[in-house]
Amino acid sequence: ALPAGAALEVRGARAVAEETQVFGKRARFAATALVDGAVGVVVAPRGRLVLALAVTVEGERVAAYEVIADPARLAALHVTLA
């Protein structure tokens, strides 16, 4: 789940960088993956998927990413570890 007070939408490179720091504790559980066939990251401590990031790449830059933490949405994802 997202930490209490985490913004639902963040725009701008600086704001995104600052907001992603709240996920630092979970970074050790993160792994690159294909999330529904696209570049992404999953967080699965002890093998239990708790968070997925679906990344949108445009050109050579990350244009957006969606943090998915809802258990029903996580269960519906097709995840392949990279």
Note to self: I want to confirm something. Restricting to region 35-49 and keeping residues that are without any contact (Cβ under 8 Å) to a residue 40 or more places away in the chain and assigned to a loop (DSSP other than H, G, I, E, B), which single residue is surrounded by the fewest Cβ atoms within 10 Å (Cβ to Cβ)?
What the structure shows: ARG48
Check: Quick one: is THR20 at pLDDT 90 or above, out of contact with any helix residue (DSSP H, G or I) (no Cβ under 8 Å at 6 or more places or on another chain) and not charged (D, E, K, R)?
Finding: no
Next item on the list: Starting from region 23-34, keep only residues that are modelled with pLDDT of 90 or more, then list their pairs with residues that are polar (S, T, N, Q) whose Cβ atoms are within a distance under 8 Å, requiring at least 6 positions of separation or different chains.
Entry: ALA33/THR80; LEU34/THR80
Next item on the list: Take ALA52 and decide whether it is out of contact with any Phe, Trp or Tyr (no Cβ under 6 Å at 6 or more places or on another chain), of a type in the set (A, V, I, L, M, F, W, C), modelled with pLDDT of 90 or more and not in a loop (DSSP other than H, G, I, E, B).
Entry: yes
Check: So which residues in region 57-73 are over 11 Å from the mean Cα position of the chain (by Cα) and either closer than 18 Å to ALA27 by Cα or open to solvent by 60 Å² or more (accessible area, probe 1.4 Å) (or both), if there are any at all?
Finding: VAL57, GLU58, GLY59, GLU60, ARG61, VAL62, ASP70, PRO71, ALA72, ARG73
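The values are calculated or read from the model by the stated rules, or taken from the named source; none is laboratory data. Just so it is clear, the model here is predicted, and its values are computed rather than measured. For neighbour counting, all protein chains shown are included, and Cβ atoms are generated from backbone atoms with ideal geometry for every residue, glycine included. These accessible areas exclude ligands, DNA and RNA; they are computed on the full protein's heavy atoms, side chains included. Shrake-Rupley method; radii C 1.70, N 1.55, O 1.52, S 1.80 Å.
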